[in-house]
Amino acid sequence: MSTQLSSEQVWQAIEKELFAVVGMVTANQEARTVGVVYVVRNRKLYIATGQDTWKARHIAANPRVSVTIPIAKRIPVMPWIKIPAATITFSGTARIFPAKDAPSELRTAMFRDLADDEKMVADSCLIEITPVKEFVTYGVGVSLMQMRDTEQARGRAPVGG
């Protein structure tokens, strides 16, 4: 029996992390993934990138993306023992907009000390990813022992509500 998680539990886990892998499709219909650092605002993920980067071009051509967020798992007293990462995976729609058009609070969260660098901000864009349908999880909200049982370790939760 898979784990029933609430939307709020999954969002809390997403907000604690900062790294994700985003999957997209190129104009030539080739699958690509990229590791990104993100911030969460209003239940959307935001990623900063250059306006001319390949990920911005691919997402502009096809805004349907997949996102996987790995969550490191460790045994505190035995960190040398390798444990598979827990994961949160979802489909989403992406929107690209100039970084200069973002609210100042979001620009500061994305660029930190460089948020006032007008040239860098002008050359950047933000990718806003809105999750759709449901989250699919593995190892979220379960103990390390429960992760050994794939039925117990798997979970699903609605994106909203």
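Rule-based calculations on the coordinates, nothing more; no lab input. Keep in mind it's a predicted model, so treat the numbers as computed, not measured. Cβ atoms come from the backbone with ideal geometry, glycine included; neighbour counts cover every protein chain shown.
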task: Could you order peptides 20-26, 79-85 by the average number of other Cβ atoms within 10 Å of their residues, highest first?
output: 20-26, 79-85
Calculated on alpha-carbon atoms, Rg and Dmax of segment 86-161 in Å: 18.0, 51
- request: Quickly estimate the mean residue ellipticity at 222 nm for the chain, helices only: each DSSP H run with n ≥ 4 gives -39500 (n - 2.57), and the total goes over all residues, rounded to 500.
  value: -5500 deg cm²/dmol
message: I'd like the Karplus ³J(HN,Hα) series for segment 61-69: coefficients 6.51, -1.76, 1.60, θ = phi - 60°, whole numbers in Hz, and an x wherever there's a Gly or Pro.
response: 6, 8, x, 7, 10, 10, 9, 10, 10
message: I need the per residue convex hull volume for segment 3-156, using only the alpha carbons, in cubic angstrom as a whole number.
response: 134 Å³
message: To make sure I understand, if each residue's beta carbon is the centre and we count other beta carbons within 10 Å, what order do PHE19, PHE90 fall in, fewest to most?
response: PHE19, PHE90
